[in-house]
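J.: My structure is below; once you've seen it, I'll send some questions.
What follows is calculated from the coordinates using simple rules that are stated; it is not laboratory data. Since this is a predicted model, take the numbers as computed values, not measurements. With ideal geometry, Cβ positions are generated from the backbone for all residues, glycine too; neighbour counts draw on all protein chains shown.
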Ligand code: NAP
Ligand code: GLV
């Protein structure tokens, strides 16, 4: 089996070592423009269009990330199968990141930090758990892990999905589709975006939706920058409707040096670090799925197969 590695900017050697150790029969080559069109499968992250133009015989592509929005923007052969990462060590990281941001808001850590700078010994108002809820947009692989972690701290959680969830933990309330969005937003004191970026979700975090959050709410965007209309968020914070935002993803990454998010006192910026691809976990999962594909397991039975029509 010949596997192509096409992850510009990522050092191939450690991946090569992981994959060849797990799958000694495989040969992994780093793709170069003009290479022979003889790859069976490919491991990709942000590949260029030329890769697909030059390798039309590819049977399947394994994305070294959960989100496939960048991949689906390319011109791809219609029959090409795309398989994405599912958790692979990202779920726990995402749960840590989101719980940290939620607790910071709920327990008023920013207020106490500000008071420390003033030398002020003053307890914040008592936390009122009964009237605080977290809203999670998207309850797929990562959203479910985040919800599980939030429930361990007894937060009431509202979730918003495209289709009704098959099952829900106690203490989790479900809202579905456009009809369910207003009630979902009205309950979300911390709003967490964990949606895939699709034509339906692009720009969904805008003035019309964010202004439906309770006064003093915060936004946590850990999905994709293009879910958010940046100026609408800044206006709602400056007008006092929203308290703050924790943002890990941006329209342009790295976030340009002159972007107002960098210096806004109520915006926290992290460098797309909420849930990293962990190489060993990811390689193990990709190899397992490649082995299934090469053993002719029907693609529909390979977990993580992307529905290209749906966009995730
Ligand atoms: P996933 O398993 O595909 O889950 C997607 C969830 O979003 C599902 O619950 C789905 O609803 C829901 N959804 C999709 N379109 C919707 C719509 N139009 N309206 C309402 N709900 C909708 O994805 P995942 O693995 O959890 O990952 C989610 C995203 O996180 C990725 O796409 C990626 O962009 C982002 N991510 C970011 C980082 C980071 O470091 N910042 C790391 C990893 C991933 P149904 O259940 O009804 O289908
Ligand atoms: C990271 O952003 C991913 O989609 O895995």
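J.: Cα convex hull of region 90-269: how many Å³ per residue?
T.: 122
J.: Could you list 153, 106, 5 so that the one with the fewest beta carbons within 10 Å of its beta carbon is first and the one with the most is last?
T.: Result, fewest neighbours first: 153, 106, 5.
J.: I want to verify a result. In a Gaussian network model of the chain, Cα cutoff 10 Å, which of these has the top mean-square fluctuation: 63, 206, 221?
T.: Top of the fluctuation ranking is 206.
J.: Working from Cα positions, state the angle (0 to 90°, nearest 10) between the long axis of helix 177-187 and the longest principal axis of the chain.
T.: So the inclination is approximately 40 degrees.
J.: Taking other Cβ within 10 Å of each residue's Cβ, how do 146, 297 sort, fewest first?
T.: 297, 146
J.: Dividing the Cα convex hull volume of region 206-257 by residue count, how many Å³ per residue is that?
T.: Output value, Cα hull per residue: 74 Å³.
J.: Just to be sure I understand: of the beta bridges DSSP finds with both ends in region 90-269, what percent are antiparallel, rounded to 5?
T.: Antiparallel bridges make up about 0 percent of those DSSP assigns within region 90-269.
J.: Okay, next question. Of 186, 166, 300, which has the largest mean-square fluctuation in a 10 Å C-alpha GNM of the chain?
T.: 166
J.: Between residue 11 and residue 123, with labels modelled 7 Å along Cα→Cβ, what's the label distance in nm to one decimal, could you check?
T.: About 5.1 nm separates the two model spin labels.
J.: Debye sum, Cα scatterers, the chain, no solvent: what log₁₀ I/I(0) at q = 0.13 1/Å?
T.: Taking Cα atoms of the chain as identical point scatterers yields -0.97.
J.: Quick one: helix 90-106 against the long Cα principal axis of the chain, what's the angle to the nearest 10°, folded into 0 to 90?
T.: 10
J.: Something else about it: Where the centre of each part is set by its Cα atoms, how far does region 230-247 sit from region 160-214, in angstrom?
T.: 18
J.: While we're here: So, R0 is 30 Å and r is the distance between the beta-carbons of residue 202 and residue 59; what FRET efficiency does that work out to, to 0.05?
T.: 0.50
J.: Okay, next question. FRET efficiency for residue 174 and residue 270, Cβ-Cβ distance as r, R0 = 35 Å, nearest 0.05?
T.: The computed FRET efficiency comes out at 0.75.
J.: Test of understanding: what is the full-extension gain from residue 186 to residue 116, defined as 0.36 nm times their sequence separation minus their Cα-Cα distance?
T.: Here the answer is 22.0 nm.
J.: Among 107, 117, 151, which one moves the most in a GNM of the chain with springs linking Cα atoms closer than 10 Å?
T.: Maximum among the listed residues: 117.
J.: Please give the residues of region 160-180, grouped as numeric ranges, whose backbone N is less than 20 Å from a label point set 7 Å along the Cα-to-Cβ vector of residue 152.
T.: Only 168-173 fall inside the zone, counting backbone N under 20 Å.
J.: Then there's this: Determine which residues of region 235-257 fall in the zone a paramagnetic label at residue 281 would reach in this model, i.e. backbone nitrogen under 19 Å from the point 7 Å along Cα→Cβ.
T.: Only 248-249 fall inside the zone, counting backbone N under 19 Å.
J.: Of all the Cα-Cα pairs you can form in region 242-312, what percent are over 14 Å apart?
T.: I get 73 percent for the Cα pairs in region 242-312 exceeding 14 Å.
J.: What FRET efficiency comes out for the pair residue 166/residue 300, r = Cβ-Cβ distance, R0 = 22 Å, nearest 0.05?
T.: Working from the Cβ atoms, E equals 0.75.
J.: Could you check how many percent of all C-alpha pairs in region 150-231 are farther apart than 17 Å?
T.: Percent of Cα pairs beyond 17 Å in region 150-231: 47.
J.: For the chain, what does -39500 (n - 2.57) per DSSP helix run (n ≥ 4), summed and divided by total residues, give at 222 nm, in deg cm²/dmol to the nearest 500?
T.: -9500 deg cm²/dmol
J.: Which ordering of 85, 71, 80 is given by a fewest-first count of other beta-carbon atoms within 10 Å?
T.: Fewest-to-most ranking of 85, 71, 80: 80, 71, 85.
J.: Now a separate question. Quick one: helix 12-22 against the long Cα principal axis of the chain, what's the angle to the nearest 10°, folded into 0 to 90?
T.: 70
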